[in-house]
Amino acid sequence: MARSVNRKIRHEKLTKLIRQNPLLTDEELAEVLSVSVSTVRLDRALLGVPELRERTRRMAEQATRKLRSLKQEEFIGELLDLEPNRWALSVLKTRQEMAFRHTDYVWDHYIYAQASSLAIAVVEADMVIVGSVRGRFKSPAKIGDSLMARAKVGVHKGNKYIVSVRTRVGDKEVFVGRYIVVALDCEDERKIRGERLDSGA
């Protein structure tokens with residue numbers, strides 16, 4: 001009886017951990033839950049939770065289908081989850097070419113670009129632009145880190161949305177941004193492109 005209760009509690013914790021951070025490996029899950037890796041694998045099988053690579057692939061496919069404001073190739077990082085006009089999640093796996101000069105620190109513009117594209121992607125419209133942003137870099141990221149960014153849509157008025165983005169490496173917060181993004185209609189888009197509205201083009 002006690003064993004089944006413990007297993008149920010562990011399953012609930014495992015499910016919650018993966019929901020909070022879908023990129024956790026079996027080894028990391030085992031360490032947090034204080035069990036063996038084989039126990040985590042068995043628990044995942046019982047719960048129908050796929051292994052990391054398959055989990056990431058499925059999430060990316062589902063999220064990309066909902067993406068409207070950007071093309072997939074325009075997105076910085078990998079979109080993992082998207083609930084339009086509510087929240088979104090992405091990961092950026094840092095590589096050597098993202099390093100600042102001759103260090104192992106990641107250039108800040110990669111971190112910003114991931115957050116900015118996520119703030120745009122979370123809004124469901126054909127074209128979305130950043131109106132303004134207040135951002136703060138809180139801690140450096142290093143090459144090899146996986147940057148996990150979460151966007152959350154706050155209040156919106158008309159075609160303007162307030163989107164907060166937080167980027168983490170594990171438990172360490174790397175970047176926090178508060179974006180005001182603007183969803184444009186066809187007429188606005190044509191003005192930005194410099195087309196004459198009376199041209200019929």
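Look at R58 and say whether it is over 28 Å from E124 (Cα atoms), open to solvent by 90 Å² or more (accessible area, probe 1.4 Å) and modelled with pLDDT under 85. No.
Scan region 31-48 and give yes if some residue there is of a type in the set (D, E), within 22 Å of K13 (Cα to Cα) and within 21 Å of the chain's Cα centre (by Cα), otherwise no. Scanning region 31-48 turns up no residue that is of a type in the set (D, E), within 22 Å of K13 (Cα to Cα) and within 21 Å of the chain's Cα centre (by Cα). When you scan region 38-46, do you find a residue that is open to solvent by 70 Å² or more (accessible area, probe 1.4 Å), among the acidic types (D, E) and either within 22 Å of V155 (Cβ to Cβ) or touching a His at 6+ places or on another chain (Cβ under 8 Å) (or both), even just one? No, because not a single residue in region 38-46 is open to solvent by 70 Å² or more (accessible area, probe 1.4 Å), among the acidic types (D, E) and either within 22 Å of V155 (Cβ to Cβ) or touching a His at 6+ places or on another chain (Cβ under 8 Å) (or both).
Please determine whether any residue of region 102-113 is within 19 Å of S146 (Cα to Cα), open to solvent by 20 Å² or more (accessible area, probe 1.4 Å) and among the small types (G, A, S). Checked against the condition, which is being within 19 Å of S146 (Cα to Cα), open to solvent by 20 Å² or more (accessible area, probe 1.4 Å) and among the small types (G, A, S), region 102-113 yields at least one hit.
Before we move on, is R7 open to solvent by 60 Å² or more (accessible area, probe 1.4 Å), within 23 Å of D126 (Cα to Cα) and either part of a helix (DSSP H, G or I) or not aromatic (F, W, Y) (or both)? No, not satisfied.
Just checking, does region 6-28 include any residue being in contact with a helix residue (DSSP H, G or I) (Cβ under 7 Å, 6 or more places away or on another chain), hydroxyl-bearing (S, T, Y) and within 27 Å of W107 (Cα to Cα)? Yes.
When G177 is tested against the conditions (1) open to solvent by 30 Å² or more (accessible area, probe 1.4 Å); (2) assigned to a strand (DSSP E or B), the lone failure is (1).
Restricting attention to region 114-139, the residues that are open to solvent by 80 Å² or more (accessible area, probe 1.4 Å) and either under 23 Å from Q96 (Cβ atoms) or of a type in the set (S, T, N, Q) (or both) add up to 1.
Sub-6 Å Cβ pairs linking a first residue in region 15-38 that is within 19 Å of R150 (Cα to Cα) to a second residue that is among the basic types (K, R), at least 6 apart or interchain, are P22/R55, ordered by first then second residue. Here E78 fulfils each of the conditions (1) surrounded by fewer than 22 Cβ atoms within 10 Å (Cβ to Cβ); (2) under 24 Å from R19 (Cβ atoms); (3) touching a residue at least 40 places away in the same chain (Cβ under 8 Å) apart from (3). Taking the numbered list (1) open to solvent by less than 90 Å² (accessible area, probe 1.4 Å); (2) among the β-branched types (V, I, T); (3) at pLDDT below 95 in turn, V163 passes all entries but (3). For region 46-60, the criterion of being among the small types (G, A, S) and more than 28 Å from A119 (Cβ to Cβ) is met by at least one residue.
The values are calculated or read from the model by the stated rules, or taken from the named source; none is laboratory data. Computed from a prediction, not measured in an experiment: that's the story for all the values here. Note that each Cβ is placed from the backbone with ideal geometry, even for glycine, and that neighbours are counted across all protein chains shown. SASA here: full protein model, heavy atoms, side chains in, ligands and nucleic acids out. Shrake-Rupley method; radii C 1.70, N 1.55, O 1.52, S 1.80 Å.
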